[in-house]
Each structure stands twice: as C-alpha cells, then as structure tokens.
1. Counting only residues that are over 19 Å from Ala182 (Cβ atoms) and modelled with pLDDT of 95 or more, which one in segment 230-249 is nearest to the ligand (Cβ to nearest atom)?
2. Right, Pro211: of a type outside the set (Asp, Glu), out of contact with any Asp or Glu (no Cβ under 6 Å at 6 or more places or on another chain), open to solvent by 40 Å² or more (accessible area, probe 1.4 Å) and modelled with pLDDT of 95 or more or not?
3. Which of the residues that make up segment 164-187 are in contact with an Asp or Glu (Cβ under 7 Å, 6 or more places away or on another chain), part of a loop (DSSP other than H, G, I, E, B) and open to solvent by 30 Å² or more (accessible area, probe 1.4 Å)?
4. Could you tell me whether segment 141-162 includes any residue that is of a type in the set (S, T, N, Q), surrounded by fewer than 19 Cβ atoms within 10 Å (Cβ to Cβ), away from the ligand (no atom under 12 Å from the Cβ) and over 18 Å from the mean Cα position of the chain (by Cα)?
5. For segment 256-276: of the residues being modelled with pLDDT of 95 or more and open to solvent by 60 Å² or more (accessible area, probe 1.4 Å), which is nearest to the ligand (Cβ to nearest atom)?
6. Evaluate segment 52-63: report whether one residue or more is outside any loop (DSSP other than H, G, I, E, B), on the phi < 0 side of the Ramachandran plot and charged (D, E, K, R).
7. Going by the conditions given, is Glu75 open to solvent by 10 Å² or more (accessible area, probe 1.4 Å), among the acidic types (Asp, Glu) and assigned to a loop (DSSP other than H, G, I, E, B)?
8. Quick one: which helices (runs of 4 or more DSSP H) sit completely within segment 81-163 and have at least 1 residues that are closer than 24 Å to Lys46 by Cα?
Amino acid sequence: MSESDSVHVNFSSMEDSASVTDYWNKKTFALVTGASRGIGRTLAEKIAKQIAPESVLLLISRDEKSLGSLKQAIETDRPAVRVYVGVTDLSTCDESALNGLVSSALAGDSAESFAHALCVHNVGSLGDATKRCSDLTQTTSCVDYFRLNVASVVVLNAIFLRHFASGKQQRKTVVNMSSLCAVEPFASLSLYCTGKAARDMFFKVLAKEEPEVRVLNYAPGPVETSMRSQLLDQSWIDEIKSGGLGLTTTVTCDRLMALLARDSYASGAHVDYYDS
Ligand SMILES: NC(=O)c1ccc[n+]([C@@H]2O[C@H](COP(=O)([O-])OP(=O)(O)OC[C@H]3O[C@@H](n4cnc5c(N)ncnc54)[C@H](OP(=O)(O)O)[C@@H]3O)[C@@H](O)[C@H]2O)c1
C-alpha cells in the first residue's frame, strides 16, 4: 500500500471504521494545542494516522523536545504529512506569535487548498487544587490562570478562523477539550471549573455566530495523565481522591475521533465520553 492510499483505522466497530475513514481521509490542516503529552499528544498521533497525504499538523506547547520527538515519530509513520512544531507559552497570549505560527505552518500552501481545517483547543492547566475559593486573594495568579485557559484559547481561535476565512467550501471544525467541571461544580477546583465553563460558553456562542463551523465541546472523562496525577496529589476532597483509575488517552481519543467522524452532534454541544 502506498503512502497516498494508506489509511490507518483502528476503531472498535465497522460502522466507526467506515465513517472515520470517509471523514478523515482528506487534505487537512490540523492544529492541536497541548500536544506534548497526555490527551493532546495521543490525539495528534491519531489524527496524523488518518489524514490524507499533503495534510499539515501544527503542534503547540512549550516543550520543544517532546514536540520534536512527536514530529519525528509522525513523519516516520506518515512521510507525506507535514508537521510543524510551535514552541510557545500560550499564557503570554502573544497575538503576533500565534499569527506567525499558523502562517508558518501554512507556508507554501493556500488555506483554500485544505478540504478540512481543524483546530483542537486541548491546552489546559489545573490550577492549585489545594486552594478553596476563599484562599484566592492573589489577583496575579487568577489573571494568569484565565490568560492561559480562556484568553489564549479565544485569541488563537479567532486567528485560526481568520486564516481559513477564504475557504468557503472547506469543512471547518473547532474542538474545545472541556470537562465535567464545565457543567458541575467541584470543591477545590474553582478556577478550573470556571475556566472550563467559560470556554464551553464561548464555543456555544461561536456555534451560533458561525453556522458553517462545526463546534464541539468534548469532555474526555477522567484520563490518566500528568494533570490527573496532580489532581489526585493535591485535592483534599475524598470524592476526587477516591476516583480510582482513569481512562487511557487512547480510549478517550478514539471516542472523540469517532464522534467527529459520525458528525451528528449539534454544533456547540457539550458531549461527554460517557454520553451514549
Ligand atoms: N486528564 C483528565 O482527567 C482530564 C479530564 C477532563 C478534561 N481534561 C482536559 O484535557 C486537556 C488535556 O489534559 P491532559 O490531562 O492531557 O493534561 P496534561 O497531560 O497536563 O497536558 C497539558 C498540555 O497542555 C500544555 N500546556 C500547559 N501549559 C501550557 C502553556 N502555558 N503554554 C503552552 N502549552 C501548555 C502542556 O504542554 P507543555 O507543558 O509542554 O507546555 C501539555 O501538552 C486539558 O484541557 C484538560 O483540562 C483532562
């Protein structure tokens, strides 16, 4: 099988396999934030396996080494997929840097030449889960939290959509990595819950404003990553501490890939891993 017709499918049911192949096997520009580890890294690997030759992946995080090893692995597996590494601290919300990353990844290709433009806002931080609401007396740490978890997402999203504004015929998809915390309050996670709720609402508004963009707020369930380890270490809430083993990144990313491919969610919806 040549690179041009190689499509790697590893999903649980034939129905998923067929829809996933049809949906993903297109020239795609895919941006994934928080791609250095955890859910974002696994998702980037899975997207890379499915998209058509000549596709472009833009992987963003602060960790040059991890992104470099991911780029190398993807390029070995899919030499016809171009991978750009965007090493940046998203908490700086530097518009010109973000603009530069998307422009550089597009270099040599017109935005209209992509059949699918996909932006996955996966970046996230937990905040300090040792703290109660009444402990949050420091403006700087609150503002820093929302710069990374809300403001940078809003700005990068607008920059992404502007780059693809001229692609009238192309599919456009925006995924926000959400959480159960966007819709349910959890003690010890006040900033995290607030940031996730704000992100969900922002993307619901986007879905209203841009009917041609498919928008999904995906809650991945409890997943075994460094964020979950931090949560179990820090939280003083028994309900959280006794949460048990989480999902693997593979299982939750497979679910997301299949959800996108099935394409039956209402744009702007909050869909949880555990939803039927
Ligand atoms: N794990 C769970 O149980 C769970 C549950 C619900 C929702 N989620 C959500 O899923 C998403 C991914 O979570 P995860 O568990 O995979 O977390 P993780 O393992 O901690 O990964 C977080 C990612 O975000 C990047 N990141 C953090 N701060 C950054 C910054 N200032 N600038 C640029 N990149 C930054 C990290 O990259 P660098 O450190 O290399 O920069 C890393 O790639 C998050 O939005 C999280 O809220 C996770």
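1. Thr249
2. yes
3. Correct list: Ser166 only.
4. Yes; the residues of segment 141-162 include at least one that is of a type in the set (S, T, N, Q), surrounded by fewer than 19 Cβ atoms within 10 Å (Cβ to Cβ), away from the ligand (no atom under 12 Å from the Cβ) and over 18 Å from the mean Cα position of the chain (by Cα).
5. It comes out as Tyr274.
6. Within segment 52-63, not a single residue is outside any loop (DSSP other than H, G, I, E, B), on the phi < 0 side of the Ramachandran plot and charged (D, E, K, R).
7. It is false that Glu75 is open to solvent by 10 Å² or more (accessible area, probe 1.4 Å), among the acidic types (Asp, Glu) and assigned to a loop (DSSP other than H, G, I, E, B).
8. It comes to 95-106, 152-163.
The values are calculated or read from the model by the stated rules, or taken from the named source; none is laboratory data. Keep in mind the model is a prediction, meaning the values are calculated, not measured. Every residue, glycine as well, gets a Cβ built from its backbone with ideal geometry; the counts of neighbours run over all protein chains shown. With ligands, DNA and RNA removed, areas are computed over all heavy atoms of the protein, side chains included. Shrake-Rupley method; radii C 1.70, N 1.55, O 1.52, S 1.80 Å.
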